[in-house]
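See below for the structure under consideration.
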Amino acid sequence: MTPPLASVLFVCVHNAGRSQMAAGFLRHLAGDRVEVRSAGSLPGDRVNPAAVAAMAETGIDIAGQRPKVLTTEAVQASDYVITMGCGDACPVFPGKHYLDWALDDPAGQGIEAVRPIRDAIRARVEGLIAEIDGWG
């Protein structure tokens, strides 16, 4: 079995919308080539139902995911750390690739508002996979 090319950690405040959608797309599109994690600086109690519904429209099921707390260990174990609106809550370690994706927060939004956020996340994840494939 080939080890993953890279490990990616997606971080947003509640780990209930943006980071869960990004993790779902990366798992789906990259398969075993990339190790995927997600976490939140102040995790919610469940994944945003509008995010679950929007992802289901693309054939990706994130309903079974649960928000997780951001840990120093998760950051240290990741090659890429991608933040989405969590500001300075994410610890910084040398040698990691840090990216900040400015995306609207789907919290409290209906599916109509979440779809464009989902589509923007997919485009960024596709670009990330191309970068990882070129780097790995």
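The values are calculated or read from the model by the stated rules, or taken from the named source; none is laboratory data. Owing to the predicted nature of the structure, the values given are computational and were not obtained by experimental measurement. Note that we place each Cβ from the backbone using ideal geometry, even for glycine, and neighbour counts take in every protein chain shown. Please note that ligands, DNA and RNA were not included when accessible areas were found on the heavy atoms of the full protein model with its side chains. Shrake-Rupley method; radii C 1.70, N 1.55, O 1.52, S 1.80 Å.
Within the range 30-39, is even one residue touching a residue at least 60 places away in the same chain (Cβ under 8 Å) and of a type in the set (Ser, Thr, Tyr)? So far as the range 30-39 goes, no, none of its residues is touching a residue at least 60 places away in the same chain (Cβ under 8 Å) and of a type in the set (Ser, Thr, Tyr). Candidates in the range 125-135 are the residues that are touching a residue at least 40 places away in the same chain (Cβ under 8 Å), surrounded by fewer than 17 Cβ atoms within 10 Å (Cβ to Cβ) and out of contact with any Lys or Arg (no Cβ under 8 Å at 6 or more places or on another chain); of these, the one that is farthest from Ile60 (Cα to Cα) is Trp135. Of (1) open to solvent by 20 Å² or more (accessible area, probe 1.4 Å); (2) touching a Cys at 6+ places or on another chain (Cβ under 8 Å); (3) at pLDDT 90 or above; (4) not hydrophobic (A, V, I, L, M, F, W, C), Gly85 satisfies all except one. Which? In the conditions (1) open to solvent by 20 Å² or more (accessible area, probe 1.4 Å); (2) touching a Cys at 6+ places or on another chain (Cβ under 8 Å); (3) at pLDDT 90 or above; (4) not hydrophobic (A, V, I, L, M, F, W, C), Gly85 misses (3) alone.
The requirement of being touching a strand residue (DSSP E or B) at 6+ places or on another chain (Cβ under 9 Å), open to solvent by less than 80 Å² (accessible area, probe 1.4 Å) and not charged (D, E, K, R) is fulfilled somewhere in the range 110-121, by at least one residue. Does Pro94 count as over 13 Å from Val8 (Cα atoms) and surrounded by 17 or more Cβ atoms within 10 Å (Cβ to Cβ)? Here the answer is no, as Pro94 does not meet what is asked.
Summed over the range 6-25, the residues that are crowded, with 24+ Cβ neighbours inside 10 Å and in a strand (DSSP E or B) give a count of 5. Select from the range 26-76 the residues that are crowded, with 16+ Cβ neighbours inside 10 Å, charged (D, E, K, R) and part of a helix (DSSP H, G or I) and list them in ascending order. Listed by number, the residues that qualify are Arg27, Arg33.
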